[in-house]
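Worksheet: the structure to be examined is printed underneath.
The values are calculated or read from the model by the stated rules, or taken from the named source; none is laboratory data. Here the structure is a predicted model, which is why all the values come from computation and not from measurement. Don't worry about glycine lacking a Cβ; one is built from the backbone with ideal geometry, like all the others, and counts go over all protein chains shown.
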Amino acid sequence: MSALWSLWWIWGALALTLAIIEILAPGFIFLGFAIGAAGAAVLLLIGMAPSLPLLLLLFAALSLAAWLLLKRLFALPRGQVKTFDTDIND
């Protein structure tokens, strides 16, 4: 029996769980980790089976890259505050 960390579906389940947590607590933090876990699952699925330290390093690097990309794409420009002029009930 192989170690649990080397099974692709464990990483896929972790990615799904983190994506669900992101829906409940938005902020792009858990979504970055979910994308990193999904990337690790894809690497294991295609047959690349690195050691645990290397897999965790790849997970961390993918998570950081995804978080930085999400922050750049969806963040407000520096110094701006989101305001609303209209009410949803108008």
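On the basis of being assigned to a helix (DSSP H, G or I) and surrounded by fewer than 16 Cβ atoms within 10 Å (Cβ to Cβ), does L16 make the cut?
Yes; evaluated as a whole, the condition is true for this residue.
In region 13-47, how many are over 20 Å from L64 (Cβ atoms) and in contact with a helix residue (DSSP H, G or I) (Cβ under 6 Å, 6 or more places away or on another chain)?
Looking only at that region, the number is 1.
Residues to consider are G32, G47; find the one that is in contact (Cβ under 8 Å) with a residue 12 or more places away in the chain and of a type outside the set (S, T, Y). Don't jump to the end; show me each part of the working.
Numbers: G47 fails: in contact (Cβ under 8 Å) with a residue 12 or more places away in the chain.
After applying the criteria, what remains is G32.
Among the residues of region 36-49, are any at pLDDT below 90, surrounded by 12 or more Cβ atoms within 10 Å (Cβ to Cβ) and out of contact with any Phe, Trp or Tyr (no Cβ under 9 Å at 6 or more places or on another chain)? Outline the logic, then answer.
Applying the first criterion (at pLDDT below 90) to region 36-49 yields 47-49.
With the extra rule that they be surrounded by 12 or more Cβ atoms within 10 Å (Cβ to Cβ), the set shrinks to 48-49.
Among the residues that remain, those that are also out of contact with any Phe, Trp or Tyr (no Cβ under 9 Å at 6 or more places or on another chain) are: 48-49.
For region 36-49, residues at pLDDT below 90, surrounded by 12 or more Cβ atoms within 10 Å (Cβ to Cβ) and out of contact with any Phe, Trp or Tyr (no Cβ under 9 Å at 6 or more places or on another chain): present.
Mind counting the residues in region 30-76 that are closer than 16 Å to W5 by Cβ and aliphatic (A, V, I, L, M)?
Residues that pass the stated criteria total 18.
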